[in-house]
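Before any comments, here is the structure.
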Amino acid sequence: MTVPHVILIDAKFIWSQEEVEDFRAMWECGLSLFEIAEQMNEDPDDIALLAIDQAKKRKIGGQTT
């Protein structure tokens with residue numbers, strides 16, 4: 001039997017409504033994932049996961065930069 005590989009064990013999956021709204025506002029202003037992560041004092045990986053979530057829910061659009 002192989003041992004399963006658990007991924008993203010340290011990822012942030014719970015966000016407050018205020019955090020999500022702040023993320024959306026910065027995203028709409030054209031900030032990069034790294035810039036948003038810095039502004040929100042979060043790991044860029046966690047911001048990327050939030051961006052995926054919000055894009056799948058059609059809450060944000062794509063960026064051209």
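Checked against the criterion of being at pLDDT 95 or above and not in a helix (DSSP H, G or I), the candidates ALA11, ALA37 yield just one match: ALA11. Out of LEU33, LEU50, one residue alone is in contact with a helix residue (DSSP H, G or I) (Cβ under 6 Å, 6 or more places away or on another chain) and open to solvent by 50 Å² or more (accessible area, probe 1.4 Å). It is LEU33. Close Cβ contacts (under 8 Å, 6 or more residues apart or on different chains) running from residues in region 2-29 that are of a type outside the set (D, E, K, R) to residues that are open to solvent by less than 70 Å² (accessible area, probe 1.4 Å) and modelled with pLDDT under 95 comprise TRP27/GLN63. I'd like to check something: does region 57-65 contain any residue that is of a type in the set (A, V, I, L, M, F, W, C) and surrounded by 11 or more Cβ atoms within 10 Å (Cβ to Cβ)? There is at least one residue in region 57-65 that is of a type in the set (A, V, I, L, M, F, W, C) and surrounded by 11 or more Cβ atoms within 10 Å (Cβ to Cβ).
The values are calculated or read from the model by the stated rules, or taken from the named source; none is laboratory data. Values in this document were obtained by computation on a predicted structure and should not be read as measured data. With ideal geometry, Cβ positions are generated from the backbone for all residues, glycine too; neighbour counts draw on all protein chains shown. Side chains included, ligands, DNA and RNA excluded: accessible areas come from the protein's heavy atoms. Shrake-Rupley method; radii C 1.70, N 1.55, O 1.52, S 1.80 Å.
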